[in-house]
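Scroll down for the structure; my scribbles are underneath it.
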Amino acid sequence: MPAALGAPLLSVAEGAVPHHSHAKSAAAARDVDRPLYLFFNAEEVAFIEAACERLIPADETGPGALQAWVPNYLDKQLGGAWGAGERLYRSGPWQAGTPSQGYQLPFTPGELFHTALRAINAQFTSKGTAFAEASGEQQDAYLKSLEAGGTDLDGVPSGVFFDMLLKMTVEGYFSDPVYGGNKDMAAWKMIGFPGAYANYYDAIDRHGVKFEREPMSIGQDRHGHIHVDPNIPASI
């Protein structure tokens with residue numbers, strides 16, 4: 001059964017990525033290499049890997065979130081300066097704002113994820129199970145409930161957490177590999193994006209011809225190695 005998390009979610013994710021069955025997702029999870037996690041603990045990793053793979057599952061069109069190392073993107077960004085709130089106003093007062101006022105919570109991005117994940121895992125522990133062990137349909141239903149909002153995750157509104165999780169999952173899938181995701185530039189290869197070429201001199205006179213080259217990362221050296229720097233703001 002295809003993964004479906006409701007209209008608000010699909011309006012964001014469906015245009016960018018395909019959907020597939022839980023069986024394919026589980027198989028993909030077993031077949032990919034794992035990064036070294038520095039921010040997430042083991043319990044948090046289990047939720048993040050399963051959730052990201054439900055948001056961007058693998059199929060015949062391209063790799064899923066796990067194969068593209070999307071959880072590694074989350075881990076490195078949340079564990080870096082951005083996750084620590086380096087550029088975030090934190091002096092209060094903390095009051096509920098309108099949607100047009102943007103983020104109004106006292107948590108840094110890193111604190112928000114740790115707090116929400118602790119509350120989520122406590123919910124599943126109290127039921128004697130874990131999110132990663134649930135069926136695809138059950139995982140989808142739970143993610144949809146987070147998206148709908150209305151649940152307090154120890155001070156973090158579930159809708160705020162889901163919105164950040166979804167946005168970072170998409171970012172990690174399509175961003176430059178220098179930020180930790182898009183492993184082997186698989187997402188770029190899937191959509192035909194060339195990446196960060198600085199010089200198009202050899203192609204400037206080729207009018208009406210499709211530009212086809214292997215993608216290049218901004219963190220790629222002359223040997224083709226990509227150096228991941230978690231402290232580079234993802235907005236650069």
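The values are calculated or read from the model by the stated rules, or taken from the named source; none is laboratory data. The shown structure was predicted, so the numbers you read here are calculated from the model rather than taken from an experiment. Glycine gets a Cβ as well: all are built from the backbone with ideal geometry, and neighbour counts include every protein chain shown. Side chains are part of the model used for accessible areas, which takes the heavy atoms of the whole protein and leaves out ligands, DNA and RNA. Shrake-Rupley method; radii C 1.70, N 1.55, O 1.52, S 1.80 Å.
General remarks:
- Of all the residues in the stretch 75-123, those that are open to solvent by less than 50 Å² (accessible area, probe 1.4 Å), in a loop (DSSP other than H, G, I, E, B) and of a type in the set (Ser, Thr, Tyr) number 1.
- Within the stretch 178-205, the set of residues being among the small types (Gly, Ala, Ser) and open to solvent by 50 Å² or more (accessible area, probe 1.4 Å) comprises Gly192, Ala198.
- The set of residues from the stretch 201-220 being over 21 Å from Trp188 (Cα atoms) and aliphatic (A, V, I, L, M) comprises just one member, Ile204.
- Meets criteria (in contact (Cβ under 8 Å) with a residue 12 or more places away in the chain and farther than 13 Å from Glu44 by Cα) for Glu137: yes
- Selection status of Glu147, closer than 22 Å to Ile56 by Cα, open to solvent by 20 Å² or more (accessible area, probe 1.4 Å), touching a residue at least 40 places away in the same chain (Cβ under 8 Å) and in contact with a Phe, Trp or Tyr (Cβ under 6 Å, 6 or more places away or on another chain): yes
- Single unsatisfied condition, Ser126 versus (1) open to solvent by 70 Å² or more (accessible area, probe 1.4 Å); (2) at pLDDT below 90; (3) among the polar types (S, T, N, Q); (4) more than 17 Å from the chain's Cα centre (by Cα): (2)
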